[in-house]
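A short worksheet on the structure shown next.
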Protein chains: 2
Amino acid sequence: MLTVLSVKDAKERILSAVTAQTHCTTVPLPDATERVLARSVAAQHDLPTFPRSTMDGYAVRAKDTFGASESMPALFDVAGEVMMGQAPPAAVAAGQALRIATGGMLPEGSDAVVMVEHTEDLGGATLAVNRAVAPGENTIARGEDIKAGETILPAGHILRPQDIGALAAMGQVMIDVAQKPRVAILSTGDELVMPDMEPKEGQIRDINSYLLSAWAQRCGAEPSRLGIIPDTAEELLNALQNTGDYDCVILSGGSSAGTRDHTASCIDQLGKPGVLFHGVSMRPGKPLIFGVVDGKPYFGLSGNPTSAMVGFLLFVRPLLLQMAGAVERNPVITARAERNLSSASGREDYIRAALYEQEGQLWARPILGQANLISTVVRGDALLRIPQNSEGIEAGDTVEVMLI
Amino acid sequence: MLTVLSVKDAKERILSAVTAQTHCTTVPLPDATERVLARSVAAQHDLPTFPRSTMDGYAVRAKDTFGASESMPALFDVAGEVMMGQAPPAAVAAGQALRIATGGMLPEGSDAVVMVEHTEDLGGATLAVNRAVAPGENTIARGEDIKAGETILPAGHILRPQDIGALAAMGQVMIDVAQKPRVAILSTGDELVMPDMEPKEGQIRDINSYLLSAWAQRCGAEPSRLGIIPDTAEELLNALQNTGDYDCVILSGGSSAGTRDHTASCIDQLGKPGVLFHGVSMRPGKPLIFGVVDGKPYFGLSGNPTSAMVGFLLFVRPLLLQMAGAVERNPVITARAERNLSSASGREDYIRAALYEQEGQLWARPILGQANLISTVVRGDALLRIPQNSEGIEAGDTVEVMLI
């Protein structure tokens, strides 16, 4: 029973079949990069907590500078200096100035900073200001960066270096992040041997366990390679029954019809609801199996590494992110196709392509070779998408690309 | 002595001032993802090592099928079956077929595979083939994916999941990668306190140590946070003299003129040649200091986190990659600007922007707020570049963006 879904429908069915069961763990701030924020973080105080100077100069009352010019400078009494990291020694009264450095705390009474370049020290604590400043000029107001109570980062955000910076600013040194989904990765096939083995005639090395665990890691999951499973229903069922510790199971292999049937029937034997669909109208990666048993997702990807990789990127990746509660901010990137590409209508194609820049534009050069060659994804930087309702694209067309 | 360089000149001077001193280390294949390949890897054998079927069906001599059709099928003797992972039991002679599954080893004598869908089992080991196949059809030739001796991955390549797969295919289980550059990160400033401290009036928490070490990590370097250094030449010099174990030193802070002078003079006191330039015509991040002492690079970045980050991305990042011998494949990504943006000619501007998609195109919405607000890079996904010779861009213009 081969139910072939569109890519869009398949993705929707996968994402709606599995509930996020985010377990939270607390990590020190420096370890939180690339992790998924488990709860939204609100600012506990204004940032900055005090008005600051953004220039080296003098804190003044702006109105005392109005009308000042080179030929008619305004004169000020320098009443002291704001030391970095300290409260100002005094407030600023009319006609007074306090020396201040970039980042210094603006004194009471002052509302602007005159850049040192626009002043002249006349000696005897007298300062000539030869340019007027507007209120607020060369300062940051209290809370201008972040206001107390404001959500800095929402739950589900994947923490980037600058987010780590913002959390440091707020004194958040222990961060609640989602636990990494634990992913079991199994390769099936009597032809497979471990990469450190010398394959005999008819044998090939297991690529997918390594390829898929590297991708799982890149998606923020914690992969475990459970090895190579011989192509019998018994061995496969036995292996699947030993994946209780994992949140998601990825099988690959079984490219042949018989083995695909093993995979599907073993998932069904594990429990309910079992296999939800089998086959997606895409190339490469059509023979994709997806099932759910007791809320846990099972993927049966193609044995062919490129197909397995495309299946992973289109379906496993979004699910792993959803399982961690992650909300992705992944902008769609487009490039212009270097040449015509044909495609069957009703099928989504993912063409391996090398990207290059020409006159400020991004171009995609399709890489020739069958979809089952791993060299095409090694030489490529991107997958070029030909939508389902298209019969191909013409040279120069702008197309969506997925960076790999 | 403020020598202000263009972004391009500054980058060139930095990259030409430091020689890559790549030390190599060997790691197990699964740990090699994101690492920089230290030597190029050539294929030790063809991939696949034998011709394979890409379909479930029958291995035949293509010419025996010529002329076959639904109404006039070609008849074959089924002489056996190719088992997965084994050499074929026999060669294929004229009029013979061997059953074969996807990935099976093509028998001697055969040069094509007829899909099972185009055959009919007539019983008694007789097979009707109702469609002709061309030589090579539904097969992969030996070496079609990768040829023995071919360079699979060049030295300096940053290993992606698919590269890990290709290395597994070749039986490379221990990989020579570049050692991660060790980066010392120091924050200077009397106003700084550690993030777990409650700042007093005039104090702020150290953001940059955390922001910059997260970025360094993302560039494949090994950062060490050496803490907060008070704003005296003596303490700074002392701290710098204790960075002997590191390959690169990043200072940040000292936004004020006096402190910037400390940084520059301390680097000069360490040895020759000392500070190479001071200031880059860009915004944010203009007051950038770069020096080299005994071949080791020293950066003095702004104290302001956003400026420090832009300085890191434009200058430190390419140098760290070069130090690891890494060759980046970073396609230029462009987006259309949502609104007019002005810029001073002679200066490169990096505007924080949020990216979004509209009708298949990527747009960049500039984020308002001074360059010194960390919230602008937290809310942004990208830096939008306004080139040096431009006085601004107009709404709808296509501009280069750097994803952050």
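Laboratory data are not the source of any read-out in this text; all were calculated from the coordinates shown. Predicted, not measured: the structure shown is a model, and the values here were computed from it. Heads up, the Cβs are rebuilt from the backbone with ideal geometry, glycines too, and the neighbour counts pull from every protein chain shown.
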Worksheet, complete the sentence: Restricted to the protein assembly as shown, the DSSP antiparallel beta bridge percent, nearest 5, is 65
Worksheet item: Give or take rounding to whole Å, what are the principal axis extents of the alpha carbon atoms in the protein assembly as shown, in descending order?
Response: 116, 52, 46
Worksheet item: In nm, one decimal, shortest first: how far is the label point of A:Lys147 (7 Å from Cα along Cα to beta carbon) from the matching points in the other copies?
Response: 6.7
Discussion item. Run the Debye formula on the Cα coordinates of chain B, all scatterers equal and no solvent, and tell me log10 I(q)/I(0) at q = 0.08, 0.11 1/Å.
Written reply: -0.62, -0.85
Fill in: Other protein chain Cβ atoms within 10 Å, averaged over every residue that makes up B:353-361
3
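By the gyration tensor of its Cα atoms, with a ≥ b ≥ c the square roots of the eigenvalues, what is the shape of segment B:355-400: rounded for a/c under 1.5, prolate for a/b over b/c, or oblate? Before the final figure, lay out each step's value.
Numbers: a/c = 2.39, a/b = 1.13, b/c = 2.12.
Judged from the Cα gyration tensor, segment B:355-400 comes out oblate (a/c at least 1.5, b/c at or above a/b).
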Response to the item:
At R0 = 45 Å the Cβ-Cβ FRET efficiency linking B:Glu70 and A:Glu234, nearest 0.05, sits at 0.70
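Please compute, for peptide B:329-336, the average count of beta-carbon atoms on other protein chains lying within 10 Å of each residue's beta-carbon. Write out the running numbers ahead of the final one.
Values: counts 5, 4, 13, 7, 8, 7, 3, 0.
Mean shielding count: 6.
Please compute, for peptide A:213-219, the average count of beta-carbon atoms on other protein chains lying within 10 Å of each residue's beta-carbon. Don't skip to the end; give the middle numbers.
Details: counts 4, 14, 6, 1, 5, 4, 1.
Mean partner shielding for this stretch: 5.
To the nearest 20 debye, what charge dipole does the protein assembly as shown have about its Cα centre, counting +1 at the Cβ of each Lys and Arg and -1 at the Cβ of each Asp and Glu? Don't skip to the end; give the middle numbers.
Working: 66 positive and 94 negative charges, 55 e Å.
Here the protein assembly as shown has a charge dipole of around 260 debye.
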Worksheet item: Can you list the HN-Hα couplings for segment A:193-205, worked out from phi with the Karplus curve (6.51, -1.76, 1.60; θ = phi - 60°), rounded to whole Hz and with x for Gly and Pro?
Response: 10, 5, x, 7, 9, 8, x, 8, 3, x, 9, 9, 7
Worksheet entry | Rounded to whole Hz, the Karplus (6.51, -1.76, 1.60) HN-Hα couplings of segment B:154-161, x for glycine and proline | x, 4, x, 5, 8, 6, 9, x
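Quick one: putting +1 on the C-beta of Lys and Arg, -1 on the C-beta of Asp and Glu, what dipole do you get for segment B:332-404 around its Cα centre, in Debye to the nearest 20?
It works out to roughly 240 debye.
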Response to the item:
Classified through the alpha carbon gyration tensor (a ≥ b ≥ c as square roots of its eigenvalues; rounded if a/c is under 1.5, else prolate when a/b is larger than b/c, else oblate), segment A:118-259 comes out prolate
Fill in: CD proxy at 222 nm, helix term only [per DSSP H run n ≥ 4: -39500 (n - 2.57); per residue of the protein assembly as shown; nearest 500]
-5000 deg cm²/dmol
Item to complete: Report the residues of segment B:95-116 in range of a label on B:Asp77: point 7 Å along Cα→C-beta, backbone N strictly under 15 Å from it.
Response: B:95-99
Worksheet item: Which ³J(HN,Hα) values in Hz, rounded to whole numbers, follow from the phi angles of segment B:395-404 under the Karplus curve 6.51 cos²θ - 1.76 cosθ + 1.60, where θ = phi - 60° and Gly and Pro get x?
Response: 3, x, 4, 8, 10, 7, 10, 10, 5, 10
Discussion item. Taking 22 Å as R0, compute the FRET efficiency from the Cβ-Cβ separation of A:Arg336 and B:Lys147 and round it to 0.05.
Written reply: 0.10
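Can you pull a Stokes-Einstein diffusion coefficient for segment A:52-140 at 20 °C (1.002 mPa s), Rh from Kirkwood over Cα pairs, as a whole number of µm²/s?
Values: Rh = 12.2 Å.
Diffusion coefficient, whole number: 175 µm²/s.
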Worksheet, complete the sentence: For the rotation taking chain B to chain A, the chain B residue with the nearest C-beta to the axis, plus the distance in whole Å, reads B:Ile333, 3
Item to complete: Order the peptides A:134-141, A:106-113, B:204-211, A:169-176 from the highest to the lowest mean number of other Cβ atoms within 10 Å of their residues.
Response: B:204-211, A:106-113, A:169-176, A:134-141
Worksheet item: Could you give, in nm with one decimal, how far A:Gln44 is from each other copy of that position, shortest first, with labels 7 Å out from Cα toward Cβ?
Response: 5.5
Discussion item. Please compute the modelled spin-label separation between B:Lys8 and B:His23, points set 7 Å along Cα→Cβ, answer in nm with one decimal.
Written reply: 3.7
Worksheet entry | Exam field: B:Ala344 pseudo-label spacings to other copies (7 Å along Cα-Cβ), nanometres | 6.2
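A:Ala42 to A:Ala87: FRET efficiency via 1/(1 + (r/R0)^6), r the Cβ-Cβ distance, R0 25 Å, to the nearest 0.05? Write out the running numbers ahead of the final one.
Numbers: r = 27 Å, r/R0 = 1.08.
After rounding, the FRET efficiency stands at 0.40.
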